[in-house]
Amino acid sequence: VDMGGDVSEAGERPQWDNKAQYMLTCVGFCVGLGNVWRFPYLCQSHGGGAFMIPFLILLVLEGIPLLHLEFAIGQRLRKGSIGVWRSINPYLVGVGIASMLVSFLVGMYYNTIIAWVMWYFFNSFQDPLPWSQCPINENRTGFVSECERSSPVDYFWYRKTLNTTPVIEDSGGLQWWIVLCLFCAWTLLWVCCLRGIETTGKAVYVTSTLPYLVLTIFLIRGLTLKGSVSGIKFLFTPDLLNPTTWLDAGAQVFYSFSLAFGGLISFSSYNSVHNNCEQDAVIISVINGLTSIYAAIVIYSIIGFRATERFDDCLSGNILTLLNTFDLPEGNITESNYEGFLQHLNSTAPQTLQELQLKTCDMQTFLSQGVEGTGLAFIVFTEAITKMPFSPLWSVLFFIMLFCLGLSTMFGSVEGVVVPLQDLNILPKHWPKEAYTGLVCFVSFGLAIIFAQGSGEYWLALFDGFAGSIPLLIIAFCEMMAVSYIYGIDRFNDDIKFMIGHKPNFFWQATWRLVSPLIVLLIFLFYFITTISKELTYIAWDPQSENFPALETKSYPDWIYAIIFILSGVPALVIPAVALFRLIRKSCSAREEKHTGGDSISHQTQIPDELDRTRSLH
Amino acid sequence: MLAGVLLLIFLPPLVAKDLCKDSQDGFKVRLSIKTALGDDAYEWNESEMFLFRSTLAYAMRKQTKQDTYNITNILVCNDTQRVSFVFVVTSPDDPDQLIPKEQIEQAVRQNKHRINNAFLLSDMTLEFVGIPPTLAAPIIYDTEPWLIVFGVVIGAVAVGIVALLMSTVSKKRRAKEKAAGLSEEDEGIVKENGTALSGLGGKEGVYNQTFSNDNRFTEL
C-alpha cells in the first residue's frame, strides 16, 4: 500500500543512491588509520607470516560472522543501534546506548588525530619542509638544544605540533594552532555528514578510493628507493610463534572491522530489505584484510628506505670520525672495509677506539624504531619523506591519504551517535538532521578541546587505550548473545532466509552461537586481566629526563583511575543499568495503572510478532 | 761566515714553521673534497694551497680593512693526507707577531661564504675546527604558509555549509508548497489493519516494508 511517504517525514528512512555508495561507506568505515599504522606494526613485531596466518584465520572465524550479524539485524529491523536492540528486547536498549557512548568517545579523539593530520597537511606546502631541519637558536651559532639532542622530526612533532608537557598533570594551556585545526576538522566533518548518508554517500566516492590510489603511488615510489626491499623482507621474516600472537591478531581483526559502534547496523538499515548482506559481509571483510596487507607492504618499503638511509648516515658519520682522528685520506675507509678497519683498530689501539665513542649502526634497530601509531605517521614516515626528492609532494599525498582514511571512519562514528540520538527521542522530533549532526559535532569539538592542551597527547592515548577497547568487546559479546539466544537463532535464520532467499549454513550457525562469542570473550578476559594486574603507565616526552630522547615511562596519578573508570566502565555498565532501570519502571507502572495503549513497552515488543503474522499473509 | 749566511737564509722559514707549529693562535682546517664533489673532485696540491692562503689573506684584508695583508702572512703546517692542516696569520707589520685567534675567527666567519665558494665546498666539507659556522638566517614568512592553506580549506568548508543549508531550506519550502497542493488528495488514504499497527505511528500510518515493491537487491 502506497502511503505517499515522500510527503511525511516520520516514516521515511533514507536510502542509498546505489550499492556502490553503501559498499564504499562500509569499506571506508572499516578501513581506517589502524590498517596503516597498527596492522603493519603487529605484522612485523610478531614476524610477518607468523602473524598473517592467525590474522586470516580469525578474520574468517570472528570478523566475517560478526559483520554479517550486524548487517543482517540492521537490514531486517531497519533501525539504528538503539532501535534495533529495542526491537529485539526493550531491556537491551542499554547495548545501543553503550554503542552510542563508545562511538561518541572514540569519535572525539579520532577526529583529533585527523586534526593533527591536517596540521601536517597545512605545513606540507613549503620547501624545505619544516620538519626537515632543526630551527636555529637565538645567536645563530647552532640549533635549538632540544632538537639537536633528538631529531628535527621529533622536535616538530613534540614541540611545534603538540608542545607537550613532561607529565599529564601539567596541562600546558591550549595550543591555539591545534584548536584551529580541530575546528577545521569538525566543521569539515559536519559538511560531509550534514544530511546523513545523503551527503556522506557522495563524499565516500573520494574518501574511500583516494587512499588506495595514494598507497599505489607510494608503492611504486617506495620500490624505486634504495633499501625498500629490505623493509619488506623484514616485514615477512617469521618470528617465534607465541600465544599473544593469536590474541593480538584477534584484537586487530575485531577493532579493524569497527564492530559494536552501531554505525554498521545503521548503514545496512538503509538498504533494501532483500539486499544480499551475506555476500556484502564476505566482500567487505576480504577487502579490509587485503587492504591491511597491501598497506603493510607499502609502509614497510618506505620504512626499509628510511632505515637504510639512517644506517648509511650512521656509517658515514663513523667513517668521518675515523678519518678525522687518524688523518687518513678520504676514501681509505669505505662501507666495505669498515668492519675490517675497526677490527684492525681494535687490536692495535683499543683505547683510542673507545674514546672515539662510535655509534652502533644496526639495521635491525633502525627497522624496528617507532613504527606504530602516531609515531609511525608523524615521526618515522615524515622523516622518510624528507629524504625523498620532491618532499612536499609526497608529504601532501601522504597526509591526504591519512585524512581520507580517518574521515571515512568518522562518518561511521557520527552515524553511530546521531541515529541513536534520534531514536532516543530526547531532543525535539521536528529538528532536522542538520541540527542533530551539527549538535553532535559542536559538542564533540567542545569536549575535544582537552586534546588541544599541552598534555593532549597523553589524554588521547588514555582515551585510545580505555574508551575504545574493553567496552567494544563487551558490546560485541552482548550483541552476539542477544541475537543468538534472546532474539533466537531460529528466528534470525528465518529473517535471513526472508531477506536473501536461503537459510544461513552451518558455518554461520556455529560461529554466531559458539566460536565468535568465545573468541571475543577470550580477548576480553585477556585484556581485562592484563589491565587490572599491572600498574598503568604512559610514555612521555621529557627533555629533562636522563634517557632523552627516548620516551620515558611514567605512572598515572591517582585521579586518572577515576577517568579510566568513566571511560571503560560507564559504557559497559550502562547495559545492565538500563535493563535494571526498565525492570524497575515496568514493575512500578504495572502496579500503578492498567495501561491501554500508546507507546508503552509492550506494544514495541509485539512488533516482530506482527511482522511474523503479516509475513505469513504474503 | 758561510754558516751565518746559511742560517740567515733558512731562519725565516724555520722560524715560520715554529710560529705555526707551536702557536695557540692557529686553526686546524679540514677539507672533505671527495665527499663534496664525488667524481668531480679536484686534487689537493700546492696550487690549491696557494689559493687557500690567498683567500685567507683576502678575508683578513676585508675584516681589518688593511690592504697590507699578503699571502706570505699566512703560514701553513701539519699537512696531512686527510687534507687537513694548521694555519696561522702573521701581522703584516711584524712577521714575528701573530694575529690573535679571535680576529682570525671573526674574519673567517664573516667571509666563510666566499671561502667556501672558492673551493666549491660547504660549511660541512670545509671545516675550521673551533669556528662554528654561521648558520643561514631562517626564512621568515610574512604569513605562515600553513595559515594560508588553513584559510583556503576553511573558506571552502564555509561555502559548502552555506550552500547545503540553503539547499535544504529551499527543498523544505518547495515540499511545503507541494504538500499544500496535495493536502486535498490525502483525505482518502486507506488505513492499515486497525488492530495490528494502530498503536504505532498515529495518523499517517506506517510504511510496511514487507509488502514493498523494492527490487530484490539494492541496485548498483
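Here are the numbers for the structure shown:
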read-out: Of all residues making up the stretch A:332-349, the number that are under 13 Å from A:Leu322 (Cα atoms), more than 50 Å from the chain's Cα centre (by Cα) and in a helix (DSSP H, G or I); value: 2
read-out: Checklist (1) farther than 29 Å from A:Thr325 by Cβ; (2) over 29 Å from the mean Cα position of the chain (by Cα) applied to B:Cys77, failing item; value: (1)
read-out: Subset tally (residues that are assigned to a helix (DSSP H, G or I), of a type outside the set (Gly, Ala, Ser) and touching an Asp or Glu at 6+ places or on another chain (Cβ under 8 Å)) for the stretch A:377-406; value: 2
read-out: Single match in B:Gly155, B:Gly160 (criterion: facing chain A (nearest Cβ under 10 Å), surrounded by 10 or more Cβ atoms within 10 Å (Cβ to Cβ), assigned to a helix (DSSP H, G or I) and modelled with pLDDT of 90 or more); value: B:Gly160
read-out: Qualifying residue in the stretch B:12-29 (condition: within 14 Å of another protein chain (Cβ to nearest Cβ) and in contact (Cβ under 8 Å) with a residue 60 or more places away in the chain); value: yes
read-out: Criterion violated by A:Val117 - all others in (1) under 24 Å from A:Gly34 (Cβ atoms); (2) without any contact (Cβ under 8 Å) to a residue 40 or more places away in the chain satisfied; value: (2)
read-out: Test result for A:Ser258, in contact with a Phe, Trp or Tyr (Cβ under 6 Å, 6 or more places away or on another chain) and within 30 Å of A:Ser408 (Cβ to Cβ); value: yes
read-out: Matching residues in the stretch B:115-144 - criterion: being out of contact with any helix residue (DSSP H, G or I) (no Cβ under 7 Å at 6 or more places or on another chain), more than 14 Å from chain A (Cβ to nearest Cβ) and either surrounded by fewer than 14 Cβ atoms within 10 Å (Cβ to Cβ) or on the phi > 0 side of the Ramachandran plot (or both); value: B:Asn117
read-out: Cβ pairs under 7 Å, 6+ apart, first in the stretch B:62-90 and away from chain A (no Cβ under 14 Å), second among the basic types (Lys, Arg) and not in a strand (DSSP E or B); value: B:Asp67/B:Arg61; B:Tyr69/B:Arg61; B:Ile71/B:Arg53; B:Ile74/B:Arg53; B:Val76/B:Arg53
read-out: Boolean, A:Ala461 is closer than 12 Å to A:Pro65 by Cβ and among the small types (Gly, Ala, Ser); value: no
read-out: Residues satisfying the stated conditions in the stretch A:101-122, i.e. more than 8 Å from every other protein chain (Cβ to nearest Cβ) and aliphatic (A, V, I, L, M); value: A:Leu101, A:Val102, A:Leu105, A:Val106, A:Met108, A:Ile113, A:Ile114, A:Ala115, A:Val117
read-out: Extreme residue, farthest from the other protein chains (Cβ to nearest Cβ), among residues of the stretch A:412-433 that are in a helix (DSSP H, G or I) and at pLDDT below 90; value: A:Leu424
read-out: Entirely in the stretch A:442-532, the helices (runs of 4 or more DSSP H) that have 3 or more residues that are among the polar types (S, T, N, Q); value: none
read-out: Residue satisfying condition, being at pLDDT below 95 and over 17 Å from A:Phe71 (Cα atoms), within set A:Ile500, A:Ile489, A:Ile474; value: A:Ile474
read-out: Residue list for the stretch A:88-137, filter: farther than 23 Å from A:Ile566 by Cβ and among the β-branched types (Val, Ile, Thr); value: A:Ile88, A:Ile114, A:Val117, A:Ile136
read-out: The stretch A:123-145, residues that are more than 10 Å from chain B (Cβ to nearest Cβ) and of a type in the set (A, V, I, L, M); value: A:Leu129, A:Val144
read-out: Any hit, the stretch A:307-330, residues being touching a Pro at 6+ places or on another chain (Cβ under 6 Å), touching a residue at least 40 places away in the same chain (Cβ under 8 Å) and more than 11 Å from chain B (Cβ to nearest Cβ); value: no
read-out: Lone qualifier among A:Thr374, A:Thr437 - being at pLDDT below 90, outside any loop (DSSP other than H, G, I, E, B) and β-branched (Val, Ile, Thr); value: A:Thr374
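A quick yes/no check of all residues on (1) touching a Cys at 6+ places or on another chain (Cβ under 7 Å); (2) modelled with pLDDT under 90; (3) of a type in the set (D, E, K, R); (4) surrounded by 14 or more Cβ atoms within 10 Å (Cβ to Cβ):
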residue: A:Thr530; (1), (2), (3), (4): no, yes, no, no
residue: A:Leu536; (1), (2), (3), (4): no, yes, no, yes
residue: A:Val574; (1), (2), (3), (4): no, no, no, yes
residue: A:Ala577; (1), (2), (3), (4): no, no, no, yes
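The values are calculated or read from the model by the stated rules, or taken from the named source; none is laboratory data. None of these values were measured; they are calculated from a predicted model. For neighbour counting, all protein chains shown are included, and Cβ atoms are generated from backbone atoms with ideal geometry for every residue, glycine included.
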